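Trainee: Handing you this structure, nothing more for now.
The values are calculated or read from the model by the stated rules, or taken from the named source; none is laboratory data. None of these values were measured; they are calculated from a predicted model. Backbone-built Cβ (ideal geometry, glycine too); neighbour counts: all protein chains shown.
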Amino acid sequence: MILSRKISGLAGARRCCSCFHNPGKSVWGILDEITAAGVFLRGLDLNAFDDWVSAVVHEEPFIGFGALFFPMWRVERIAKDESAGGVPSFVSNRATNGPYF
């Protein structure tokens, strides 16, 4: 059974920030699916996020987004990337030319 059907608001093609442990890693991207086995997403390591935004704004090539799988035991936190209470989302805070998805 797919766990994502029970988690409202996180399932399917949503921008998110995800944190993992052992080893520690933070990823920004699009959440594809959450199952009992783990998390499937297309994303970018947050250490490279600013470089990616700069490449998009300056229309430079950048390789970085990839299909990723993290087993459930590594998942620490998943949060939607959305504006709340006047605070901009992660991507809108760094990008000036609108959304990229």
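Trainee: Filter the stretch 31-65 for residues that are touching a Leu at 6+ places or on another chain (Cβ under 6 Å) and surrounded by 11 or more Cβ atoms within 10 Å (Cβ to Cβ) and give the result.
Mentor: The answer is LEU31, ASP32, ILE34, THR35, LEU41, GLY43, TRP52, GLY64, PHE65.
Trainee: Filtering the stretch 1-54 down to residues that are under 17 Å from ALA67 (Cα atoms), among the basic types (Lys, Arg) and modelled with pLDDT under 85, which residue is nearest to the chain's Cα centre (by Cα)?
Mentor: Looking at residues that are under 17 Å from ALA67 (Cα atoms), among the basic types (Lys, Arg) and modelled with pLDDT under 85, I get ARG15.
Trainee: When you scan the stretch 63-72, how many residues do you find that are touching a helix residue (DSSP H, G or I) at 6+ places or on another chain (Cβ under 9 Å) and farther than 14 Å from GLY29 by Cβ?
Mentor: 1
Trainee: Continuing with the same structure: When the stretch 29-45 is examined, which residues are found to be among the hydrophobic types (A, V, I, L, M, F, W, C), in contact with a Cys (Cβ under 9 Å, 6 or more places away or on another chain) and over 13 Å from ARG77 (Cβ atoms)?
Mentor: Of everything in the stretch 29-45, those that are among the hydrophobic types (A, V, I, L, M, F, W, C), in contact with a Cys (Cβ under 9 Å, 6 or more places away or on another chain) and over 13 Å from ARG77 (Cβ atoms) turn out to be ILE30, LEU41.
Trainee: Could I ask something else about it? I need the full set of residues from the stretch 16-40 which are part of a loop (DSSP other than H, G, I, E, B) and without any contact (Cβ under 8 Å) to a residue 40 or more places away in the chain, in order please.
Mentor: Within the stretch 16-40, PRO23, GLY24, THR35, ALA36, ALA37 qualify.
Trainee: Right, here's the next one. What is the residue count in the stretch 55-71 for residues that are over 14 Å from PHE20 (Cα atoms) and under 12 Å from the mean Cα position of the chain (by Cα)?
Mentor: Total meeting the criteria: 3.
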